[in-house]
Each structure stands twice: as structure tokens, then as C-alpha cells.
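Have a look at the structure below before the remarks.
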DNA sequence: CGTCTCTGTGAACTGCTTGTGAAACCATTG
DNA sequence: CAATGGTTTCACAAGCAGTTCACAGAGACG
């Protein structure tokens, strides 16, 4: 069986012991670079990221994992009770979480359930909204049946917006969530990428992205009902 | 928002309290038949199934929910530590689980994440008063079902008023609370914005904002019914 | 090493938002 | 009824936020 990626390095004793007892092979890595270096031929089967000691490093690793091409590995986050509130805006960085300190039985159950449901292909590889379709596996996009030729950042920005339809994001939020938390750039960057997206979407669908003056940008229409 | 289905009936006090505090509407049902009978028009938005007291009934309900046609509702299972082993062969009956007794924060976080990954988004933060609805996430407003096209300051002013219904604010207070504490502007500024708001609310609803002569403005009815 | 595309930024341009003064209007009071 | 003080309405100008454009550095690729 493929290996699990553990953060941080060295792996917390309780975690290592639990995984060994449960029969999961694993390797610890302390950074995205280390994770790349240690990665098995056929990729990681999943990751358990401890966020209790070094939250920044932990979320950075999550982000790095999510940015990679597929195959996609399920991410289980270990957090303290105090960190629960922080998860709110980071839903896209993990697939399940477990409170630390954890019960070995609970962690095992979560791992088993996580593998079960990702093995089932529960993860949506398509993002659809109205005429827009994003294929997350092939990095392709289409609107109204017409394929879109998007660059990397354009795709990432559109993906983020399309997975949160209706919600308004400030430029700062977009910069941190799409470009990265450490990124420090001007707000014009966002404007111009929005403009390029609208141009590629074509006149007909340019209105998929609307401007909310003095606030930011919104993709699609509001969702009053849900 | 649609309602959550709770098992068993009556709902455990801790669960009911947590959901009420978090703002999730819910109904308890003790059997698949009761769940069908109580189901809202637009279906359940999800289910929280307590399996600690009556495991057979709980899993029976899960099975019944999974047998139904779409729409598919996410199922969160509450289990005791002793029951973790039972989950092994029942992966298909639930989408996430939480150990009981649970921490309210953890349950909330699991609900939010569950809704996020099943594509239902989180609950929109709404401010409602009579026919008026403000969606704080999408920066949209509607009155009597009709969308309002408000500018930034109009929206901010209306939001402030609508979150303090019945209370009278002087122009000075509004200037400092809505425009900012350091803002020094004329009192006419408030008047004109109130006027623009009333115009956009339409003749029918313009009276939502009433003038209190020599004092200021009030949103909604006074608490004395006058 | 050269070429090409992608990406970020400064600057000009445009249109809408916003604040303001003045005038009309209204309620209250003497 | 007239006087007064407060409110509504109007029109307009200044400023600001968003759009658009052109360009240069970075990075990928052959």
C-alpha cells in the first residue's frame, strides 16, 4: 500500500504509534519541498497534517498539496479545539479533520471513512455553474460548450470564484486565497485578471462575474434560497 | 433555509441547544415514517443522527434516507467511542461522524464543512425584517421579493438600520456609526441618503424608514406599536 | 541561448457615487 | 394665521473606483 504523508517532521509520537499499530505506512515531511522529495513513485495515498504546533506551515503544506496535479490525495487535518474557528475559511484545504489530542480509534475510523469515500470518487472533479464547466482533472474550461483557453492564474481565479457562487470577495481576499497568503501585490492585479477572464468568457457570458463597487467581485447570481 | 432532520425524537437537549445557538432550524423525528411526514417542501438540508441510544433505529433511518431519490442530504452521525468499531461496515450510511458527547464548536465546524463539500455552501448570513432581506455575503438586498440595486453607502446605511429595528438614531450617530467615527460631514448627507433609500424601497415600503422629527430616523416599527 | 507567453504594474480614461448648498415643503407653536 | 425650525427635494460638481491599455520582467520551452 502507498504511504501516508505526515506533517510535521518529526511526526508526533502519538500519531506515529497509532499509524504503526493500525498498519499504515507513513513518512514525515516538514515542508512542501520535503514532501515532494520523499514522495513515493505512485504518489501519496493521503496526508495527515498536524496544525496544532505550526499552523502556518501546516496550511502552507495543504495549499501546496492542493495545487499539485492529480492524483488527488485526501487530507486529514489535526487541530486543537481553539483552532476550530480558523477552519471556516479554509474548507477547501482539507477533507476531514480530527480534534487533537485524538483517540486512536477515532483517527482510524476517520482514515477508513476518508479512504472509503474518496475511493468511491465522491470528490467532484467537475465544477459547473450555468453555462460554465470546469474540469479539475484536465485543467480545461468551457462556457456554453465552447472551450476556453485559460492561463494558470486565470483558471485558478475562475475556479475559486465558481466554487463560491454568489459570494462577494474583496480584492485582498482574492489575493490571499488565490494567489497565496504570503503574496503581497497590488489590487490592480486582480482587476486585470478579472478583465482578462471576462474577455475570454465572451461578451455573452462576461456578466457571470459582476463588480460590486467599493467591495469586490462576485461570480454568478445570489443564492437567496439555500 | 431548509431544516435539519434530527434523530431521535425528542432531540437530545445538548444537540437542540447547539443548533439553536448556531442558527440552524431543525425538526426531530423518531422514525423514517415520521421523517417523511415532517419533511419540508424543499426537502431536508441534512440530517444529524444520534446513534448512541438506539443504534438500530439510527442506522435504520440512515438506510431509509439513502434509499430515497434525490435530493441527497448529507448525514452526520453522532456515535459514542465504543461504537467506532461498528462504523467499519457502514461507511455508505453517513458522510461524517462526531463523537458524543460532542463539543458544540466541533459540531458546528463539521456541519459547515459538510455543507461546503456537498456543494450546498454555508448558510448565507441574512438580515431580515418584514419584507426586507439583506444578504450580507452577496451584498444584495430585496424587498417584497424584488431585488434592490443599492450603492455601497446605501447598503451600509440600510444594513445598520435594519440590524437595529425600532431604534431611533440621530444624524450624528448615523454619521459616526455608518460613515466612520472620524467623518465630519453635514447632516444633510444623511437626509439625502435616507431619501434615496426610500425611493429605491418604493412607495409601498418607503415607510419602513420613519422620520422622528427633531431627533432622527427609525427603521421599522417602534416597539410600542405606534 | 533565443523566443514566446504569462503575469504584474503604472497611468490615462470614464462613469458613477457621493456630498453639498439652496429652495421648496411641512409640522409645530405662539 | 404667521413665524419658526426642521425635513424633503433638486441639481450639480468633485472625487473616487473600476476599466482599459501598454509595457516590462519572469519564466517556460525548444
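I'd like the full set of residues that are crowded, with 17+ Cβ neighbours inside 10 Å and facing chain A (nearest Cβ under 8 Å), limited to region B:95-104.
Matches in region B:95-104: B:95, B:96, B:97, B:99.
Right, residue A:186: within 16 Å of DNA strand C (Cβ to nearest atom), at pLDDT below 90 and exposed (fewer than 13 other Cβ atoms within 10 Å of the Cβ) or not? Steps first, answer last, please.
Working: within 16 Å of DNA strand C (Cβ to nearest atom): yes; at pLDDT below 90: yes; exposed (fewer than 13 other Cβ atoms within 10 Å of the Cβ): yes.
Judged against the criteria, residue A:186 is a match.
Check whether at least one residue in region B:121-130 is crowded, with 21+ Cβ neighbours inside 10 Å and at pLDDT 90 or above, and report yes or no.
Initial filter on region B:121-130 (crowded, with 21+ Cβ neighbours inside 10 Å): none.
Within region B:121-130, not a single residue is crowded, with 21+ Cβ neighbours inside 10 Å and at pLDDT 90 or above.
Answer yes if at least one residue in region B:78-93 is more than 10 Å from every other protein chain (Cβ to nearest Cβ), assigned to a strand (DSSP E or B) and either touching a residue at least 24 places away in the same chain (Cβ under 8 Å) or under 30 Å from residue B:207 (Cα atoms) (or both), and no otherwise.
yes
State all residues of region B:198-207 that are more than 10 Å from DNA strand D (Cβ to nearest atom) and either at pLDDT 95 or above or touching a strand residue (DSSP E or B) at 6+ places or on another chain (Cβ under 6 Å) (or both); if no residue qualifies, say none.
Once the filter is applied, which keeps residues that are more than 10 Å from DNA strand D (Cβ to nearest atom) and either at pLDDT 95 or above or touching a strand residue (DSSP E or B) at 6+ places or on another chain (Cβ under 6 Å) (or both), region B:198-207 yields B:200, B:201, B:205.
Determine, yes or no, whether residue B:107 is within 13 Å of another protein chain (Cβ to nearest Cβ), within 21 Å of the chain's Cα centre (by Cα), within 30 Å of residue B:44 (Cα to Cα) and at pLDDT 95 or above.
On the way: within 13 Å of another protein chain (Cβ to nearest Cβ): yes; within 21 Å of the chain's Cα centre (by Cα): yes; within 30 Å of residue B:44 (Cα to Cα): yes; at pLDDT 95 or above: yes.
So residue B:107 fits the description; yes.
When you check residue B:208 against the structure, is it within 14 Å of DNA strand C (Cβ to nearest atom), more than 14 Å from chain A (Cβ to nearest Cβ) and farther than 21 Å from residue A:168 by Cβ, yes or no? Show your work before the answer.
Details: within 14 Å of DNA strand C (Cβ to nearest atom): no; more than 14 Å from chain A (Cβ to nearest Cβ): yes; farther than 21 Å from residue A:168 by Cβ: yes.
Criteria not met by residue B:208.
Kindly evaluate residue B:54 against the criterion of being surrounded by fewer than 21 Cβ atoms within 10 Å (Cβ to Cβ) and within 10 Å of another protein chain (Cβ to nearest Cβ). First the steps, then the outcome.
Numbers: surrounded by fewer than 21 Cβ atoms within 10 Å (Cβ to Cβ): yes; within 10 Å of another protein chain (Cβ to nearest Cβ): no.
Against the criterion (surrounded by fewer than 21 Cβ atoms within 10 Å (Cβ to Cβ) and within 10 Å of another protein chain (Cβ to nearest Cβ)), residue B:54 does not qualify.
Quick check: anything in region B:139-158 in contact (Cβ under 8 Å) with a residue 12 or more places away in the chain, more than 30 Å from residue B:208 (Cα to Cα) and more than 10 Å from chain A (Cβ to nearest Cβ)?
Scanning region B:139-158, I find no residue that is in contact (Cβ under 8 Å) with a residue 12 or more places away in the chain, more than 30 Å from residue B:208 (Cα to Cα) and more than 10 Å from chain A (Cβ to nearest Cβ), so the answer is no.
Identify, from the list B:32, B:40, B:10, the residue that is within 14 Å of another protein chain (Cβ to nearest Cβ) and free of Cβ contacts under 8 Å to residues at least 60 places away in the same chain. Steps first, please.
Details: B:32 fails: within 14 Å of another protein chain (Cβ to nearest Cβ); B:10 fails: within 14 Å of another protein chain (Cβ to nearest Cβ).
Selected residue: B:40, the only one of B:32, B:40, B:10 that is within 14 Å of another protein chain (Cβ to nearest Cβ) and free of Cβ contacts under 8 Å to residues at least 60 places away in the same chain.
Does residue B:158 satisfy being away from DNA strand C (no atom under 16 Å from the Cβ) and either modelled with pLDDT under 95 or buried (at least 19 other Cβ atoms within 10 Å of the Cβ) (or both)?
Working: away from DNA strand C (no atom under 16 Å from the Cβ): no; either modelled with pLDDT under 95 or buried (at least 19 other Cβ atoms within 10 Å of the Cβ) (or both): yes.
Judged against the criteria, residue B:158 is not a match.
I'm told residue A:177 meets every condition in (1) surrounded by fewer than 18 Cβ atoms within 10 Å (Cβ to Cβ); (2) in contact (Cβ under 8 Å) with a residue 12 or more places away in the chain except one. Can you identify the failing condition by its number?
With (1) surrounded by fewer than 18 Cβ atoms within 10 Å (Cβ to Cβ); (2) in contact (Cβ under 8 Å) with a residue 12 or more places away in the chain applied to residue A:177, the lone miss is (1).
Hey, among the residues in region A:57-77 that are in contact with a strand residue (DSSP E or B) (Cβ under 8 Å, 6 or more places away or on another chain) and part of a loop (DSSP other than H, G, I, E, B), which one's surrounded by the most Cβ atoms within 10 Å (Cβ to Cβ)?
A:74
Within region B:18-29, track down each residue that is under 19 Å from residue B:99 (Cα atoms) and free of Cβ contacts under 8 Å to residues at least 60 places away in the same chain. Spell out how you get there, then give the answer.
Taking region B:18-29 first, the residues under 19 Å from residue B:99 (Cα atoms) are B:18-19, B:22.
Scanning region B:18-29 gives a single hit, B:19.
Failed condition for residue A:139, given (1) loosely packed, with under 12 Cβ neighbours inside 10 Å; (2) at pLDDT below 90; (3) within 13 Å of DNA strand C (Cβ to nearest atom); (4) under 24 Å from residue B:116 (Cβ atoms), with all others met?
(1)
The values are calculated or read from the model by the stated rules, or taken from the named source; none is laboratory data. Quick caveat: nothing in here was measured; it's all calculated off a predicted structure. Reconstructed Cβ throughout: ideal geometry from the backbone, glycine too, with neighbour counts over all protein chains shown.
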